[in-house]
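The values are calculated or read from the model by the stated rules, or taken from the named source; none is laboratory data. Everything numeric here is computed off the predicted structure, so don't read it as measured data. Methodologically, a virtual Cβ is constructed for each residue, glycine included, from the backbone with ideal geometry; neighbour enumeration extends over all protein chains shown. Surface areas here come from the heavy atoms of the whole protein model, side chains and all, with no ligands, DNA or RNA. Shrake-Rupley method; radii C 1.70, N 1.55, O 1.52, S 1.80 Å.
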Amino acid sequence: MNNKYQSEIADFMAYVSARNPHETEFLSAVEEVAETIIPFIEETPKYKGKKILERMVEPERVIMFRVPWVDDQGRIQVNRGYRVEFNSAIGPYKGGLRFHSTVNLSVLKFLGFEQTFKNSLTSLPMGGGKGGSDFSVRGKSEAEIMRFSQAFMQELFRHIGPNTDVPAGDIGVGGRELGYLFGMYKKLKNEFTGVLTGKGLAWGGSLIRPEATGYGVVYFAQAALNNIGKTIKGMEIAISGFGNVSWGVVKKVNDLGGKVVTLSGPDGYIYDPDGVKGEKVDYMLRLRASNQDIIEPYAERYGVEFFPGKKPWERKVDLAIPCAIQNEFDEEDAKQVVANGVTGVVEAANMPLTAKAIEVIQSNKLLYVPGKAANAGGVAVSGLEMTQNAMHLQWTAEEVDNYLKRIMHNIHENTLKYGRLDDGYIDYKKGANIAGFIKVADAMLEQGVV
Ligand code: 2IT
């Protein structure tokens, strides 16, 4: 796109690729940022020649550890634990823990890198980090999930703290896992602090945190749609996943008069022409808590169609919101939704669209919102949970939701400011990268070479 700096971008990517061979997810996250940030650095004298991006792609610290535990049959299991402390220029490392079979260092580095920009966009004082394990809750018993979580925290506790590194949930880590993690942290440290976010309401959690990611996505989508003279009201929307993020999206789309017609799992997707409404919304949570990771039971229960092995992007809808996992939406999917006349794609998951898919959506001048802007509401309310913990009080749901709305509105304004192209098209990817970069880069410059 920026032909003028193509060779600088290629040189930079050759440098990063040589240092991080085989880390495909990390390299694609970096490339997506480099394409917009290198031209910005080249044209902004204060950033030029400071190796800012070279410094930003190097995590400040990576911790990898053994997580041994005993399963219900008395067998010893060994998983690998990680915490990638990516960037602390603007605040303590902050970001979720992912327990999923696909977790490896490349995935967590991509997530930690993205998180640094996302957290900057929230305007709250949070650096970037991410962690997790290749442990999957699928098919595990409650007791196994507890023992694993405790074993994980038996190592992680020495690296984190309320002013150092504040983890939260992500895929496979919800209220239940956070409870076990927090319990073990408290026991080992003998202190009750806001060292994790997404905590239970009775022990330091914030109202609206479970809903926050999905609500924020829909607030952002509504702002972006309004900007092109459209609205969620009356729209039919395809989403993927059926976890926490999907649940928040469904609730807020319903509030605003839209209709979510698909949900998906690794087994396929369901199409519910009446919309996921009423008790079906609560059923999503129960299905998730069953540790099965399949969506088919929804179809049986509510008498709707199930499409095994298919993705929801084949449906003709007004808007697509991928809520599941990285690279779940590829070039073919993008061509399909374009052919179906979609208004746009809003990322609720982290990096669900491949680079090629983004190119297809953007070259057709359709709305595309990257996850680091659209899904920042989750970590933003985590930041508000930290504030409430530091003040030893709890805000009402309305207070938190008002903050969330204001934060998402500000992120929209900020990305709009840096993303507006000459032809009037809004490149939210460019806007989010530049707006997120500025605060972190300025803090790094002011703090010297550390
Ligand atoms: O991807 C994300 O922003 C999260 N998983 C939430 C991180 C957080 O610290 O709340």
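Looking at region 128-153, I want the residues that are farther than 12 Å from Glu177 by Cα and have a partner that is more than 16 Å from the ligand (Cβ to nearest atom) and of a type in the set (Lys, Arg) with Cβ atoms under 8 Å, at least 6 apart or on another chain. Which pairs are those?
Ser133/Arg80; Asp134/Arg80
Looking at region 330-434, what helices (runs of 4 or more DSSP H) fall wholly within it and have at least 2 residues that are surrounded by fewer than 16 Cβ atoms within 10 Å (Cβ to Cβ)? If you could, list the steps in order and put the result at the bottom.
Details: elements: 331-339, 355-363, 371-374, 376-391, 397-419.
So the answer is 331-339, 355-363, 376-391, 397-419.
How many residues does region 217-254 contain that are farther than 15 Å from Lys280 by Cα and assigned to a helix (DSSP H, G or I)?
Here the count works out to 12.
Residues being crowded, with 21+ Cβ neighbours inside 10 Å, touching a strand residue (DSSP E or B) at 6+ places or on another chain (Cβ under 7 Å) and in a helix (DSSP H, G or I): count how many of those fall in region 101-148. Lay out the reasoning, then the answer.
The first filter runs over region 101-148 and keeps only residues crowded, with 21+ Cβ neighbours inside 10 Å, leaving 103, 107-122, 124, 126-133, 135, 137, 148.
Still in the running and touching a strand residue (DSSP E or B) at 6+ places or on another chain (Cβ under 7 Å): 103, 108-109, 111-113, 115-116, 119, 126-133, 135, 137, 148.
Cutting the leftovers down to in a helix (DSSP H, G or I) gives us 108-109, 111-113, 115-116, 119, 148.
Of the residues in that region, 9 qualify.
Note down all Cβ pairs under 6 Å where the first residue falls in region 95-114 and is under 9 Å from Phe135 (Cα atoms), the second is polar (S, T, N, Q) and not in a strand (DSSP E or B), and they're at least six residues apart or on different chains.
Listed by first residue and then by second, the contacts come to His100/Ser136; Ser101/Ser136.
Regarding Leu53, is this residue open to solvent by less than 20 Å² (accessible area, probe 1.4 Å), over 18 Å from Gly131 (Cα atoms) and not β-branched (Val, Ile, Thr)? Steps first, please.
Details: open to solvent by less than 20 Å² (accessible area, probe 1.4 Å): yes; over 18 Å from Gly131 (Cα atoms): yes; not β-branched (Val, Ile, Thr): yes.
Yes; evaluated as a whole, the condition is true for this residue.
Checking the condition away from the ligand (no atom under 16 Å from the Cβ) and either among the hydroxyl-bearing types (Ser, Thr, Tyr) or within 22 Å of Pro322 (Cα to Cα) (or both), which residue from Asn340, Asn414, Asn410 passes? First the steps, then the outcome.
Working: Asn414 fails: either among the hydroxyl-bearing types (Ser, Thr, Tyr) or within 22 Å of Pro322 (Cα to Cα) (or both); Asn410 fails: either among the hydroxyl-bearing types (Ser, Thr, Tyr) or within 22 Å of Pro322 (Cα to Cα) (or both).
Unique residue meeting the criteria: Asn340.
Being without any contact (Cβ under 8 Å) to a residue 60 or more places away in the chain and aliphatic (A, V, I, L, M) is the filter here, so list the residues in region 154-163 that pass it.
none
Does Gly96 satisfy the criteria of being within 16 Å of the ligand (Cβ to nearest atom), of a type outside the set (Asp, Glu) and either more than 21 Å from Ile411 (Cα to Cα) or touching a His at 6+ places or on another chain (Cβ under 6 Å) (or both)? So that I can check it myself, show each step before the final result.
Details: within 16 Å of the ligand (Cβ to nearest atom): yes; of a type outside the set (Asp, Glu): yes; either more than 21 Å from Ile411 (Cα to Cα) or touching a His at 6+ places or on another chain (Cβ under 6 Å) (or both): no.
Spelling it out, it is not the case that Gly96 is within 16 Å of the ligand (Cβ to nearest atom), of a type outside the set (Asp, Glu) and either more than 21 Å from Ile411 (Cα to Cα) or touching a His at 6+ places or on another chain (Cβ under 6 Å) (or both).
Kindly indicate whether Gly309 is of a type in the set (Gly, Ala, Ser), closer than 15 Å to Ser264 by Cβ and loosely packed, with under 15 Cβ neighbours inside 10 Å.
Yes.
Within region 60-82, can you find the residues that are closer than 15 Å to Pro167 by Cβ and either aromatic (Phe, Trp, Tyr) or surrounded by 16 or more Cβ atoms within 10 Å (Cβ to Cβ) (or both)?
Val62, Ile63, Phe65, Val67, Gly81, Tyr82 - these are the residues of region 60-82 that are closer than 15 Å to Pro167 by Cβ and either aromatic (Phe, Trp, Tyr) or surrounded by 16 or more Cβ atoms within 10 Å (Cβ to Cβ) (or both).
May I ask you to list the residues in region 168-218 that are of a type in the set (A, V, I, L, M, F, W, C) and closer than 28 Å to Asn410 by Cα?
Looking only at region 168-218, we keep the residues that are of a type in the set (A, V, I, L, M, F, W, C), and these are 168, 171, 173, 178, 181-182, 184, 188, 192, 195-196, 201-203, 207-208, 212, 217-218.
Across region 168-218, the qualifying residues are Ala168, Ile171, Val195, Leu196, Leu201, Leu207, Ile208, Ala212, Val217, Val218.
Could you tell me which numbered condition Val276 fails, if it satisfies all but one of (1) in a loop (DSSP other than H, G, I, E, B); (2) surrounded by fewer than 19 Cβ atoms within 10 Å (Cβ to Cβ)?
Unmet condition: (2).
Do you know which residues across region 365-396 are more than 10 Å from the ligand (Cβ to nearest atom) and either hydroxyl-bearing (Ser, Thr, Tyr) or free of Cβ contacts under 8 Å to residues at least 12 places away in the same chain (or both)?
Matches in region 365-396: Tyr368, Thr387, Met391, His392, Leu393, Thr396.
Restrict the check to region 149-162 and report whether at least one residue is within 16 Å of the ligand (Cβ to nearest atom), assigned to a helix (DSSP H, G or I), open to solvent by 30 Å² or more (accessible area, probe 1.4 Å) and under 29 Å from Ala320 (Cβ atoms).
Within region 149-162, not a single residue is within 16 Å of the ligand (Cβ to nearest atom), assigned to a helix (DSSP H, G or I), open to solvent by 30 Å² or more (accessible area, probe 1.4 Å) and under 29 Å from Ala320 (Cβ atoms).
What's the number of the only condition in (1) modelled with pLDDT of 95 or more; (2) more than 11 Å from the ligand (Cβ to nearest atom); (3) not acidic (Asp, Glu) that Gly128 fails to meet?
The failed condition is (2).
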